[in-house]
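*Asks:* Quick one: the structure is below, and I'll ask about it shortly.
The values are calculated or read from the model by the stated rules, or taken from the named source; none is laboratory data. Every value quoted in this text rests on a predicted model; they were computed, and no experiment measured them. Because the Cβ atoms are built from the backbone with ideal geometry, glycine has one as well, and the counts that use them run over all protein chains shown.
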Amino acid sequence: VKISWLSPYGMSFRYKVISDNTNAVVALGKTIDFNLILDYPQLDLDTVYKWQIKPCWDYQAEDCENSWSDPFYFKTGYPSTLVYPEPNATEVPIPVKFDWRDVPGTESYRFKIQGDGLNLEKIMEGISEVALSYPELQQETEYAWQVEICTKSGGRNCGASSEIRKFKTFKLKAPTSPKPKDGSIVSTTGSHHFSWDEVLGAKYYQFQIEYSEVAEGEEKECLEKEGEIATKILSKNSFYFP
């Protein structure tokens, strides 16, 4: 926190900074500057402070005014509020984008998550979100996470932590409503459209088709493929084959 003032006649100054909650003096001294920088651990988070200045006529801050200035007030930052995932959420799809509210004056955040053998910490520089996916997160697993705000980059000078939130990841479900339907008869000429309902959280699908027993009278090309299995990795829930 940088506090500053103006004084047309002062050559030096005396200052004092007091916690408005406890009346404890956190800074008391002399300066020839027109500003003062206060930092952690001098200051606590989420705390109101008042400060006063006394101008002096010499450079040693010995010959000063008899009385202090009127008090000025400021309030320090507060622990971050977590946004997503919500408390005790279940069926949370992977990847998970963790989100929390920005805190003024914060240069970095220390993100922590634990669960089922995972003990991970990430430093986020001025960004109030982070995304995790496989293999860091696993299906049907409970995790707990929290965030610390830091006044310096690199996760330094961190204050109090946010609340600890718990959530449980989802189970990736099997595709449903496949088309063509089971037992359908399709032509062996041209391309065929295969599709299924989109699966929540799925990024890719493995499509597999097996050339089973060939009917009588089929072309030689079909006979040669009998018993083969064709596999493709798809990013969409539909496909034209072949």
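*Asks:* Considering T22, T31, T76, T47, which residue is among the hydroxyl-bearing types (S, T, Y), more than 30 Å from K171 (Cα to Cα) and at pLDDT 95 or above?
*Replies:* T31
*Asks:* Quick check on L6: is it surrounded by 17 or more Cβ atoms within 10 Å (Cβ to Cβ), touching a residue at least 12 places away in the same chain (Cβ under 8 Å), in a loop (DSSP other than H, G, I, E, B) and not assigned by TED's automatic domain parsing to the domain that holds C158?
*Replies:* On the way: surrounded by 17 or more Cβ atoms within 10 Å (Cβ to Cβ): no; touching a residue at least 12 places away in the same chain (Cβ under 8 Å): yes; in a loop (DSSP other than H, G, I, E, B): yes; not assigned by TED's automatic domain parsing to the domain that holds C158: yes.
Here the answer is no, as L6 does not meet what is asked.
*Asks:* In addition: What number of residues within the stretch 152-166 are on the phi > 0 side of the Ramachandran plot, under 17 Å from the mean Cα position of the chain (by Cα) and surrounded by 14 or more Cβ atoms within 10 Å (Cβ to Cβ)?
*Replies:* Counting residues in the stretch 152-166 that are on the phi > 0 side of the Ramachandran plot, under 17 Å from the mean Cα position of the chain (by Cα) and surrounded by 14 or more Cβ atoms within 10 Å (Cβ to Cβ) gives 1.
*Asks:* Go through the residues of the stretch 80-93 one by one and say whether even a single one is under 30 Å from I53 (Cα atoms) and without any contact (Cβ under 8 Å) to a residue 40 or more places away in the chain.
*Replies:* Of all residues in the stretch 80-93, those under 30 Å from I53 (Cα atoms) come to none.
No, the stretch 80-93 contains no residue that is under 30 Å from I53 (Cα atoms) and without any contact (Cβ under 8 Å) to a residue 40 or more places away in the chain.
*Asks:* Also: Criterion first (farther than 30 Å from L137 by Cα and either over 38 Å from the mean Cα position of the chain (by Cα) or at pLDDT 95 or above (or both)) does E65 satisfy it? Working first, answer last.
*Replies:* Numbers: farther than 30 Å from L137 by Cα: yes; either over 38 Å from the mean Cα position of the chain (by Cα) or at pLDDT 95 or above (or both): yes.
So E65 fits the description; yes.
*Asks:* Restricting the first residue to the stretch 193-214 and requiring it to be under 18 Å from Y240 (Cβ atoms), which pairs with a second residue that is of a type in the set (D, E) and at pLDDT below 80 meet a Cβ separation below 6 Å and a spacing of at least six or different chains?
*Replies:* Pairs found: Y211/E226; Y211/E228.
*Asks:* Of everything in the stretch 109-127, what is under 16 Å from S162 (Cα atoms) and in contact with a Ser or Thr (Cβ under 7 Å, 6 or more places away or on another chain)? Give them in sequence order.
*Replies:* Hits for the stretch 109-127 are Y109, I123, M124.
*Asks:* Further, regarding this structure: If you go through the stretch 60-74 one residue at a time, how many are exposed (fewer than 13 other Cβ atoms within 10 Å of the Cβ) and either assigned to a strand (DSSP E or B) or polar (S, T, N, Q) (or both)?
*Replies:* Residues in the stretch 60-74 being exposed (fewer than 13 other Cβ atoms within 10 Å of the Cβ) and either assigned to a strand (DSSP E or B) or polar (S, T, N, Q) (or both): 4 in total.
*Asks:* Another question about this same structure. Given (1) farther than 24 Å from V1 by Cα; (2) at pLDDT 90 or above; (3) assigned to a loop (DSSP other than H, G, I, E, B), identify the lone condition not met by L172.
*Replies:* (2)
*Asks:* Pick from the stretch 89-119 the residues that are among the charged types (D, E, K, R) and part of a strand (DSSP E or B): which of them is nearest to the chain's Cα centre (by Cα)? Talk me through it step by step, then tell me what you get.
*Replies:* The initial filter retains those residues of the stretch 89-119 that are among the charged types (D, E, K, R), namely 91, 97, 99, 101-102, 107, 110, 112, 116.
Okay, now just the ones that are also part of a strand (DSSP E or B), so 91, 97, 99, 110, 112.
Details: E91: 19, K97: 6, D99: 4, R110: 9, K112: 10 Å.
So the residue we want is D99.
*Asks:* All but one of (1) under 17 Å from P79 (Cα atoms); (2) surrounded by fewer than 15 Cβ atoms within 10 Å (Cβ to Cβ) hold for S108; state the number of the condition that does not hold.
*Replies:* Failed condition: (2).
*Asks:* Same structure, new question: Identify all residues within the stretch 119-135 that are more than 29 Å from F74 (Cβ to Cβ), modelled with pLDDT of 95 or more and not small (G, A, S); write none if there are none. Even if it seems obvious, please write down each step before you answer.
*Replies:* Taking the stretch 119-135 and keeping what is more than 29 Å from F74 (Cβ to Cβ), we get 119-122, 130-135.
Those left that are additionally modelled with pLDDT of 95 or more: 119-122, 130-132.
Answer for the stretch 119-135, where residues must be more than 29 Å from F74 (Cβ to Cβ), modelled with pLDDT of 95 or more and not small (G, A, S): N119, L120, E121, K122, V130, L132.
*Asks:* Residues in the stretch 120-151 that are within 14 Å of the chain's Cα centre (by Cα) and charged (D, E, K, R): how many?
*Replies:* Number of matching residues: 5.
*Asks:* Then there is this: Go through the stretch 15-29 and count every residue that is in contact with an Asp or Glu (Cβ under 9 Å, 6 or more places away or on another chain) and not small (G, A, S).
*Replies:* Applying the first criterion (in contact with an Asp or Glu (Cβ under 9 Å, 6 or more places away or on another chain)) to the stretch 15-29 yields 19, 21, 26.
Adding the requirement that they be not small (G, A, S) leaves 21, 26.
So the answer is 2.
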